[in-house]
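Structure record follows, encoded as structure tokens.
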């Protein structure tokens, strides 16, 4: 199964987005607390180490599904981790930027 297979209807948007974070073929559900077109902050009690490659899959409040690779740029135990996007498509970037309007 592809890391970016459809997520189905899992969107639950309150003050965060639900996401699927996959590292080395292992995935877990997580919460996105801060999202820009360049990076994301993910809530996590035991975050992956800085430099770790991840795949994130999430659905925006408008229904657009994003699936992209990233690299953990910072981590804080019991708080979470930041991921810098690598290879985010132009369409995904535009959809994320459209959320700030």
Say each of residue 39 and residue 86 gets a label point 7 Å from the Cα, pointing the same way as Cα to Cβ; how far apart are those two points in nm? 1.5 nm
Put in order of increasing Cβ neighbours within 10 Å, starting from the fewest, 60, 17, 49, 35 give 49, 60, 35, 17
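Every number in this text was worked out from the coordinates using simple rules, so none of it is lab data. On a predicted model such as this, the values are computed, not experimentally measured, just so you know. Heads up, the Cβs are rebuilt from the backbone with ideal geometry, glycines too, and the neighbour counts pull from every protein chain shown.
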